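Taking it in order: structure first as structure tokens, then the write-up.
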């Protein structure tokens, strides 16, 4: 819960809503969000919507739909913009959550016979597509950002293959 609240506080509030917020204000927002996340978690747990296995699978599907496409495209496609990534995250998360809620709790028919435990199968491709299209429609990342992304892709360090092998042998 703390990780979710801090991510929302930093990535949504501080980076998108109020980038000039001081530390005190950011801390207050983070604490309020933590209380909100805890209340939502307690409410969902009190409903006992399904088995723990199903809820864990739902959580992974929702997380994959919202985060995986932005992460992959952000690292491997230089043209990915922050607006495109956020749009893809929102759409992927939204489609996955919509399918999950309507089929699990509202009696809607399954799409193509796919059970709601696999709801990410619909959110992930949608998020990839939206990230791609919106990134093309918005300004490309700066040269500095593209250089930074390049540096992430290329491993750095002083360990050579021969050194790594000799460490394993001993």
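Each value in this text was obtained by applying a stated rule to the coordinates, not by laboratory testing. All values derive from a computational prediction rather than experimental measurement. Here the Cβ is made from the backbone with ideal geometry for all residues, glycine too, and neighbour counts use every protein chain on show.
Odds and ends about this structure:
- Region 128-145, residues that are outside any loop (DSSP other than H, G, I, E, B) and within 26 Å of residue 64 (Cβ to Cβ): 128, 129, 130, 131, 132, 133, 134, 135, 136, 137, 145
- For region 96-113, a residue qualifies if it is closer than 17 Å to residue 127 by Cβ and not in a helix (DSSP H, G or I), and exactly one does: 111.
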